[in-house]
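Participant: The structure's right below; bear with me while I get my questions together.
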Amino acid sequence: MPSTMTREALLAQAGDWFDTGHLQRDIARRVAWRTESDKGAPEPVLGAYLNDEIVPTLTRLGFVCEVLENPDPKGGPMLVARRIESEALPTLLSYGHGDVVSGQDKQWREGLSPWQLVAEGTGASERWYGRGTADNKGQHSINFSALQHVITARSGHLGYNITLLLEMGEEAGSPGLRALCERERDNGQGRLRADVFIASDGPRVHADKPTVFLGSRGLVNFSLRVHSRDRAYHSGNWGGVLTNPGIVLAHAIATMVDAHGKLLIDGLRPSAVSPSVRRALDGVEMGGGADDPQTNPAWGEPGLSTAERLVAWNTLEVLALGAGSAERPINAIPPAAVAHCQLRFVPGTPWQQLQDTVRAHLDAHGFTEVAVNVTAASPATRLDVDNPWVTWAVQSMAISTGKPVTVLPNLAGSLPNDVFADVLGLPTLWVPHSYPACSQHAPNEHLLASVAREGLCAMAGIFWDLGAPQGLPWHDSLPV
């Protein structure tokens with residue numbers, strides 16, 4: 001159905017709607033739900049958030065909503081909401097999560113609470129504090145609002161179908177998400193069948209730089225342990241004749257990563273940065289914000305830019321290291337030592353063989369007494385930067401924001417993008433509405449109002465352009 005509103009008028013209307021406080025009120029209402037999912041077992045509030053908060057919102061937008069039981073008992077429920085205008089039209093799949101990490105209530109600074117949105121500052125520095133403002137309640141609220149504006153502007157017709165998948169366990173590792181997507185892929189009902197995936201999570205590269213990323217690095221968490229004996233012994237009586245597991249473990253780690261952070265295990269190193277990825281990252285600056293940490297140009301893989309080291313290479317990190325008691329050391333040789341480590345990796349890494357690879361490496365260096373145990377893993381994904389959807393999204397966002405758009409081949413962190421890219425086989429685009437210093441997962445989490453406003457306009461433009469009569473990768477002609 002033709003629209004009497006122009007794209008420019010739509011974006012102006014969305015901006016005015018933001019400026020009068022509507023989005024802030026929506027996010028404030030959602031932040032008040034204590035939807036922590038990292039307590040070890042799903043709680044009733046996770047389902048209540050979907051049924052009482054999200055379903056009414058999406059129903060008003062013409063979605064048919066189903067709250068599904070999680071295939072994994074460790075995970076919260078999931079919402080599949082479908083808005084089908086015609087089975088003959090292409091379909092967009094989008095995603096978000098309504099769960100949050102622990103509120104850490106007592107650690108927020110005075111005047112702030114994780115469960116109450118508090119706005120501070122003005123202009124570009126205005127911040128909206130509250131748990132979930134950045135991850136992910138604020139981000140899916142922005143997208144819902146943008147969609148609402150486009151549906152209204154087009155008199156109730158988008159010109160395509162849209163399916164929303166909202167999970168309540170992302171912060172607990174997305175239990176059941178892969179199983180649900182595999183079931184929906186295989187059972188023939190087609191509830192998650194789509195042509196492209198566009199969603200929002202994670203940070204931009206900088207608050208002032210609209211960003212689209214095409215996947216995420218994977219991760220493998222693993223532990224290294226040395227158990228030399230069952231008890232500690234006095235270091236004066238026995239030092240020099242008993243193996244110290246802390247020293248053994250320190251030297252073992254030194255064979256895996258050098259003193260400047262370079263990964264030394266050949267089987268876990270990428271072969272090279274591809275020309276297309278290098279081209280995409282050329283000139284991309286990471287960090288530089290007022291609250292960002294100072295990066296070390298001499299840390300990590302030599303010969304790579306900061307963006308290449310962070311996005312296009314593998315890194316081995318020691319997350320925690322222990323032997324004896326660091327808080328209250330005693331004059332004794334500890335009986336055991338442990339290091340909790342993590343590999344962040346790009347596509348093409350044989351991450352499934354990490355335990356065997358590390359085992360062989362340690363054995364070759366004489367550290368047969370170091371035990372290796374993988375504790376968690378998530379695959380890496382990356383849409384080809386030359387995919388036509390990337391060009392289309394960059395053009396749409398640039399028109400809406402009036403700024404150059406940064407393309408990251410993948411997020412440096414990890415998301416459950418593999419279920420959309422690998423299980424459902426979709427081209428995946430992520431448009432983040434947060435920024436690196438948002439205190440995500442930490443006390444004082446916040447959303448920058450300027451980024452939220454710009455994100456609202458960018459997504460309104462994307463939802464509008466998906467219904468354009470030409471120029472889309474998914475069709476030659478689409479009625480609007």
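Any read-out appearing in this document is the output of simple, stated calculations on the displayed coordinates, not a laboratory observation. Everything numeric in this text was worked out from a predicted model, so none of it was measured. Here Cβ is always computed from backbone atoms with ideal geometry, including for glycine, and neighbour counts include all displayed protein chains.
Participant: In nm, to one decimal, how far is the modelled label at Gln104 from the one at Ser450, with both set 7 Å along Cα→Cβ?
Facilitator: Inter-label distance under the simple model: 2.5 nm.
Participant: For region 19-87, which GluC sites (Glu not before Pro) pass both filters: DSSP loop (anything but H, G, I, E, B) and at most 13 other C-beta atoms within 10 Å?
Facilitator: Glu69, Glu87
Participant: Would you list which lysines come within 20 Å of Lys209, measuring only between C-alpha atoms, while excluding same-chain residues fewer than 8 positions from it?
Facilitator: Within reach: Lys403.
Participant: Can you give the extra length, in nm with one decimal, that the chain gains between Ala48 and Val67 once fully stretched, where that is 0.36 nm per residue apart less the Cα-Cα distance?
Facilitator: Extra length available between Ala48 and Val67 comes to 5.8 nm.
Participant: Also, I was wondering about something else. Where in region 343-367 does the amide nitrogen come within less than 20 Å of the point 7 Å from the Cα of Leu304, taken along Cα to Cβ?
Facilitator: Within reach of a label on Leu304: 343-355, 357-358.
Participant: Restricted to Cα positions, what overall size does the chain have along the principal axes? Three whole-Å values, descending.
Facilitator: Result, largest extent first: 87, 49, 47 Å.
Participant: On full extension of the chain, what length is gained from Ala376 through Asp258, given 0.36 nm per residue of separation minus the C-alpha to C-alpha distance?
Facilitator: Fully extending the segment from Ala376 to Asp258 adds 40.1 nm.
Participant: While we're on this one: What is the antiparallel percent of DSSP beta bridges lying wholly in the chain, to the nearest 5?
Facilitator: Approximately 75 percent, going by the DSSP bridge assignments.
Participant: What's the longest piece of the chain with no exposed trypsin sites (Lys or Arg not before Pro), counting a site as exposed if DSSP puts it in a loop and it has at most 10 other beta carbons within 10 Å?
Facilitator: The longest such stretch corresponds to 232-480.
Participant: Just how far, in whole angstrom, is region 43-95 from region 213-274 if you go by their alpha carbon centroids?
Facilitator: The distance from the Cα centre of region 213-274 to that of region 43-95 comes to 44 Å.
Participant: Quote to one decimal, in nm, the extra length available between Glu87 and Ile330 on full extension: 0.36 nm per residue of separation minus the C-alpha distance between them.
Facilitator: That works out to 80.4 nm of additional length.
Participant: Report the FRET efficiency, 1/(1 + (r/R0)^6), for Asn296 and Glu369, where r is their Cβ-Cβ distance and R0 is 25 Å, rounded to 0.05.
Facilitator: Calculated value: 0.15.
Participant: With no solvent and one equal point scatterer placed on each C-alpha of region 365-474, evaluate the Debye formula and give log10 I(q)/I(0) for q = 0.12, 0.22, 0.24 Å⁻¹, two decimals.
Facilitator: Values returned for q = 0.12, 0.22, 0.24 Å⁻¹ are -0.58, -1.35, -1.41.
Participant: Counting helices only, and only those DSSP H runs with n ≥ 4, report the 222 nm mean residue ellipticity of the chain as the sum of -39,500 (n - 2.57) divided by its residues, in deg cm²/dmol to the nearest 500.
Facilitator: On the way: 13 runs with 132 residues, N = 480.
My calculation for the chain gives -8000 deg cm²/dmol from helical runs alone.
Participant: Between Gln355 and Thr59, take the C-beta separation as r, use R0 = 35 Å, and let me know the FRET efficiency to the nearest 0.05.
Facilitator: Approximately 0.15, to the nearest 0.05.
Participant: Let me ask something additional. Return the ratio Rg/(2.2 N^0.38 Å) for region 11-121, where Rg is computed over Cα atoms only. All intermediate terms of the calculation are to be shown ahead of the outcome.
Facilitator: On the way: Rg = 16.8 Å, N = 111, 2.2 N^0.38 = 13.2 Å.
That ratio works out to 1.28.
Participant: Still on this structure: Can you tell me, using C-alpha contacts under 8 Å and at least 6 residues apart, the relative contact order of the chain as a whole percent?
Facilitator: Relative contact order here is 25 percent.
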